[in-house]
Each structure stands twice: as C-alpha cells, then as structure tokens.
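Each remark here refers to the structure printed beneath this line.
The values are calculated or read from the model by the stated rules, or taken from the named source; none is laboratory data. Nothing here was measured: the structure is a model prediction, and the numbers come from that model. Note that each Cβ is placed from the backbone with ideal geometry, even for glycine, and that neighbours are counted across all protein chains shown.
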Amino acid sequence: MVNIQSLIQFLKKHKLKSLFTFCLIMFYAAAISIFMHVTSKNFMKIEVNCVSHVGIIKSFQGVNNGPLSEDGNVDLSKYYQEAGFRYIRLHDFFTLAGAVDIHRVFPNFDADPLVAENYNFTETDKNIQAIISIGAEIIYRLGYSWEDNPVHNVPPKDNLKWATICIQIIKHYNDGWANGHNYDIEYWEIWNEPDITQFWTGTAEEYCQLYDITAKEIKSYNPNLKVGGPALAWNITFLDQFLKYCKTNNVPIDFISWHAYSKEPYDIYFRAEKVHECMKNNGFSSIESLLTEWNFQPGENYEIEFKSSKVAAFIASTMIYLQDNPPDIATFYRGDTWPWGGLFDKNGVPHKAYYVFMAFKMLIETPNRLLCTGSNSKGFAVIAGISPNNETVTILISNFGFEFNGYNLRISDLPFEEGRFRLELYAIDSEEDFDLIKSDVYDTAKLEIEQTMKRYAVHLVRLIRE
C-alpha cells in the first residue's frame, strides 16, 4: 500500500511545488491504493463432496407473531408461504393489540373462568385463523407480552384459576368450546422469560409452582398435548433450578424453551450448548429443545441495522451453525412489521433478513446434507445439500465479517451422469435482495469456481441437472 507520508517527503525533497504536479501524483497514488485493495484476494476454500452424506438438514423456518400486522391492515401471508414458515409462536403482538395475552382473552380475572361470555377471543381468533390458513403449526405462549413496568407479568392471585383459564383457551382452539375451533394445537408454552423482571416479578420458586399446577392441569385434560417452558431469557442458573424442581416433583415437561440474542452468530451455538448441558445434567437430554426467540442484538440504530445485509448474514450463519446443535425447532423474533426485529417494514415490504429464509427454504429442498468444509467460528459458514433424486445440489454460503472477500468452491463427485448441469448463483448483500447474479451451463464431473463476495453477504449456489 502507498504510504502518503513518504510521498509528501518525496515531494519536499524534490521540490515539486506545482499544484498540478502535486494533484497528479496524489491521484496516481490513490488509484494505486484502490487497485491494490480491490485486486487483493482473501478467499475461503470450500470443498463439497456429493457422495458423502452426513445427515438431514434441519429446518429452522419459524418466526414469532404471524402474517397479520398493523392491526390487520397488512397481510404477509404470501411471504410466509413463499418462505415456507412451518412454526409460528404467538407472543408480543404489538402490531395486533388484543391478541393472545391472557388479560386480553380473559379481561376480568375475578370473573368465572368456566363461563364463555367472560372471554374475548375475537382478535386472537383472527390471528390464529390466518396462521392456520397458510398451513403452519402454532406454539401458543400462555402468558403476557413485554411490560416496562409489569402489571400483568406478576404471580397470579390464584395459580389454579390461572391454569383453569389456560384450559378453557385450549378447549376453545382444540375442542370447539365457546364457538371455537378444532385446530389441534400441540405446543403450549407456559409464560415467557420468568428470569427477568419485565416478565416476572416473583421468585424462581413461585414460577416453578405456577408451572407445576398449569402443566399438570393441561396434561390431565389432554395427555397428548406438549407442555413446556420456561422460555428462558438468559439465566442458566434459573433453568437449572426449574429443571431440578420438575425432576423432584415429577412435573410434566415435554420441551425446554429458551432464547438467545447476540452480535456474533457463533454465540448462539454456544448458548445452545449451555442449555443442552443443563438439560443433560438434570436428566432431560431426550426431550425437545425449542429456541423460541432469537435474533441479532443491535445497537441504538436498530431500525437501520435490522434492514441491513449484516443482520441477513447473521441469520444465515446462525442457522448453519445450529445444524450441529440440539435445537429441534427455532422461531425467529420476529416475523411481522415491528421495527425491533421484524422482517418487514410497516408497509409489508421485506427486509434483507427475510430473503435468508427464502434461501434456506431452497436449501432444505435438497435435504440430504453433504460433507462440506469451509466454515469457521468467526461468521463464515457453509452448508450443502443434495435432493433425494440426485437432480439438484445446493450450497449456502454466509459471510458475516471482514476476513474474506470471496471463496474458491470445489465440488467433487457430481451426481449428474451425463455431466451437463446449470449453475445458478443468488446473492443477498448491500445491493442484492436474493437476486440471480449468475447462470451458466457446465458439462463436467467436478466443478471449481472462484467468486468474489461482499462482507455481510449470503450466496446460494444451486446446481440443477439439465
């Protein structure tokens, strides 16, 4: 790289005082500097073997909230279907006031919980109907949304009555009670983040007691339903105490739910490890692990960050890392138009983060995972899959960071007997929104390509038999 101070000393030494000469030399120096920067390569080596299968690619196509936003004036159903969202968790309906929360559905806690007229299911019905209509499954959070100064996120006056209200909600959505439905909602999550004061002002022991009563009531009503919690915010000590309580008191629990936010995608992997270790230490390693909230942890300019390719790359790298970790289901926070974390703007226009789920849908259409090298723990992540009929190979590459500006991709033992196939390359970066940027036809048994890649970018390479 050209040293500007050395250049100035050169000018002084040779007494080049002409302004024109000085500007010309400075222009030349800047051009050299830019050229050297652009042409310098730091490419990650990626190798994919198409005959070495290493399992099935897990789908993490899930979000919080649902397709209705902005008081129902924005319907995102088309985008939900295109991305193939499979699980929708019901929580924090800031853009749909009146949905899901216990005090919205059952406004007067002192009323009789067995009387249908004491419930208001209107807004929650609308939202759940929209989810059911796109074929997604529901994780129903029984509890309340975020409160800066908790009014409802406090220990109930009567735990058994609170549990009875939950049973009536289940009856409404699964068994037709109170002009209800038969949706067969399977997952019922008890409360949200009781390890932080915005969601629980009581003690850990008090939460365990509420969970105990509610879980046993639900299982008594229908043992086939899945009940779990605690939707942990961060405190592993809290989770350890909760699991010990469940073990000691023979409390039913079908899944552990937990949350993770970070600025680094590999931190989510470590978080999953810690949760699983706690589950294993308490004898619960065989039950399901549900990551029911996760996202990038932004700074003060969160509205700008959540629209950026940086968050898109964070999501892609995280979903690739979690392939080698315990989560069975993951629901991204969030899938609506809310400015903190939402995948869409207030008019329903997708942010770049949404297109990562589109890319991942294409990846899991080739579900047989292939042996693949090229990932590191610093944000550069790669995964590859092949379709059951060997007609299509997909490679998803995520560059979260500054270390690499491209990759060298080598694919061996291609499954195309006649050798002829089409390569398609899609990109998500500061300029592209999952756009097709390359399409070429090849006729070879193995492939090697070099491709530049911007920082904070996602590429999807797809090989299709011609």
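For the residues ASP92, ASP75, ASP71, the requirement of being more than 16 Å from HIS172 (Cβ to Cβ) and more than 21 Å from the chain's Cα centre (by Cα) singles out ASP71.
Of all the listed residues (GLU288, GLU277, GLU293), the sole one being assigned by TED's automatic domain parsing to the domain that holds GLY348, under 17 Å from PHE85 (Cβ atoms) and either touching a strand residue (DSSP E or B) at 6+ places or on another chain (Cβ under 8 Å) or of a type outside the set (Ser, Thr, Tyr) (or both) is GLU293.
Residues of region 125-152 that are closer than 19 Å to PHE85 by Cβ and either out of contact with any strand residue (DSSP E or B) (no Cβ under 7 Å at 6 or more places or on another chain) or not assigned by TED's automatic domain parsing to the domain that holds PHE85 (or both): GLN129, ILE132, SER133, ILE134, GLY135. For region 310-367, residues that are more than 19 Å from GLU293 (Cα to Cα) and either without any contact (Cβ under 8 Å) to a residue 24 or more places away in the chain or in a strand (DSSP E or B) (or both) total 2. Of all the criteria given as (1) closer than 16 Å to ALA353 by Cα; (2) polar (S, T, N, Q); (3) assigned to a strand (DSSP E or B), the one not satisfied by ASN408 is (1).
Identify the residue in region 292-319 that is in contact with a helix residue (DSSP H, G or I) (Cβ under 8 Å, 6 or more places away or on another chain) and of a type in the set (Val, Ile, Thr) and, among all such residues, is surrounded by the fewest Cβ atoms within 10 Å (Cβ to Cβ). Here the answer is VAL311. The single condition among (1) under 22 Å from the mean Cα position of the chain (by Cα); (2) modelled with pLDDT of 95 or more; (3) assigned to a loop (DSSP other than H, G, I, E, B); (4) surrounded by fewer than 22 Cβ atoms within 10 Å (Cβ to Cβ) that ALA130 does not satisfy is (3). Name the residue that is surrounded by the fewest Cβ atoms within 10 Å (Cβ to Cβ), counting only residues in region 159-193 that are on the phi > 0 side of the Ramachandran plot and touching a strand residue (DSSP E or B) at 6+ places or on another chain (Cβ under 8 Å). Residue satisfying both the conditions and the ranking: TRP191. Selection of region 260-270 for residues being surrounded by 21 or more Cβ atoms within 10 Å (Cβ to Cβ) and free of Cβ contacts under 8 Å to residues at least 40 places away in the same chain yields only ALA260.
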